[in-house]
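Trainee: Let me give you the structure first, and then I'll get to my questions.
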Amino acid sequence: MDQDDSETCQMCPMDEWPNREKTRCLPKLQEFLSYKEDKMASFFCFLVILCCVITCFTLKKFILYWDTPLVKANNRTLSFTVLVSLLLSFLCVFFFLGRPLDITCMLRQTLFGIFFSLAISSLIAKSMMVCIAFKATKPSSSWKKWTGVTLPYSIVVVCSSVQVLICVSWLSTYPPYQGFDMTTYPGKIIIQCNEGSDIWFYSMLGYLGFLAAVSFVLAFMVRTLPDSYNEAKYITFSMLVFCSVWIAMIPAYLSTRGKYMVAVEIFAILTSCAGILSCIFLPKLYILLIKPYLNTRKHVFSWVRK
């Protein structure tokens with residue numbers, strides 16, 4: 001292709017594309033979510049930073065009001081774990097931005113899966129302890145032996161450990177890696193992460209869905225318990241947001257390619273994490289900052305007299 005009116009033409013290399021006149025080969029455009037050239041990447045960076053600031057602000061207020069009845073009422077240690085897990089989940093988005101590398105491909109899915117499973121496991125433990133706490137109020141109840149700290153911590157460790165095992169097995173057998181798609185779009189090279197094994201990838205996502213379903217069912221069962229103590233209705237709504245977002249994400253994820261496929265997953269991560277943060281913690285911040293007179297032992301435990 002480097003001569004005019006030649007009887008024999010040579011094919012361009014895979015990473016190049018002929019110009020309109022078919023006289024020479026030009027480098028194909030490389031497509032990925034670039035920090036410098038793509039406004040969508042800059043927008044996601046802004047959202048991540050904003051969400052991290054809100055999460056850190058919430059975390060700071062919870063630590064500041066650590067010994068108040070409202071923070072203590074729904075297991076402050078689990079609330080702290082959820083906030084830290086959400087913060088780390090937000091930060092995982094940075095692994096999805098920029099030019100994909102082997103190391104970022106291996107870390108982005110697995111780290112998000114582990115951190116987010118830790119958050120949902122903590123919500124499961126919260127819902128479980130709400131149910132047990134009310135059953136334990138009955139005289140001579142056998143549930144009183146389960147009201148300590150051992151059970152919720154065990155739930156968190158066991159549930160999140162399964163996800164860790166899935167991710168470690170994934171990285172040990174068929175880890176994600178950097179790939180180049182040169183055939184989907186003419187004239188473009190899509191630099192992307194190949195998941196290595198679709199089975200492990202969907203196992204990781206499927207386990208997150210399983211944890212979300214368990215959390216939703218438990219929270220739905222105890223949602224009608226007294227409002228002053230119970231945050232299960234907020235957990236129920238947050239899991240509805242999570243399930244709705246990820247169910248809608250799957251067909252969009254499968255029908256797109258390149259940077260738009262990555263953008264769909266980033267949107268799902270940010271939306272689901274922000275949904276949990278806003279549904280569960282914003283009502284508490286409202287009381288802590290706007291109506292501190294409700295943050296009293298008399299109000300929080302008013303269900304005892306009912």
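Bear in mind these aren't lab numbers, they're just calculated from the coordinates by the rules spelled out. Computed from a predicted model, the values in this text were never measured in an experiment. As a convention, Cβ positions derive from the backbone with ideal geometry for all residues, glycine included, and neighbour counts pool all protein chains shown.
Trainee: If each residue's Cβ is checked for other Cβ atoms within 10 Å, how do M11, M249, M221 rank with the fewest at the top?
Mentor: Details: M11 9, M249 18, M221 14.
Ranked by crowding around the Cβ, least crowded first: M11, M221, M249.
Trainee: May I pose another question? Using the crude model of +1 on Lys and Arg Cβ and -1 on Asp and Glu Cβ, and no other charge, please compute the dipole size for segment 16-299 relative to its Cα centre, in debye to 20.
Mentor: Values: 26 positive and 13 negative charges, 215 e Å.
That gives a dipole near 1040 debye.
Trainee: Sort E231, E265, E16 so the one with the fewest other Cβ atoms within 10 Å of its own Cβ comes first.
Mentor: Going from sparsest to densest Cβ surroundings: E16, E265, E231.
Trainee: Per q in 0.07 Å⁻¹, report the Debye log10 I(q)/I(0) for segment 16-299, using one uniform scatterer on each alpha carbon and no solvent.
Mentor: Taken in order of the listed q values, log10 I(q)/I(0) reads -0.32.
Trainee: Fully extended, how many nm does the chain gain between D102 and K60 (0.36 nm per residue separation, minus their Cα-Cα distance)? It would help to have the intermediate numbers written out before the result.
Mentor: Values: separation 42, 0.36 × 42 = 15.12 nm, distance 3.53 nm.
Here the answer is 11.6 nm.
Trainee: Right, another one. Grab the Cα-Cα distance for V162 and Y177, subtract it from 0.36 nm times how many residues apart they are, and report the gain in nm with one decimal.
Mentor: Details: separation 15, 0.36 × 15 = 5.40 nm, distance 2.31 nm.
This chain segment gains 3.1 nm when fully extended.
Trainee: Using modelled backbone amide H atoms (1.01 Å from N, in-plane), which distant-in-sequence or interchain residues come within less than 5 Å of E31's amide H?
Mentor: I189, I190, I191
Trainee: Using the Cα centre of segment 16-299 as origin and beta-carbon charges of +1 (Lys, Arg) and -1 (Asp, Glu), tell me which of S244, F43, M106 is placed farthest towards the positive end of the dipole.
Mentor: Toward the positive end, the furthest listed residue is S244.
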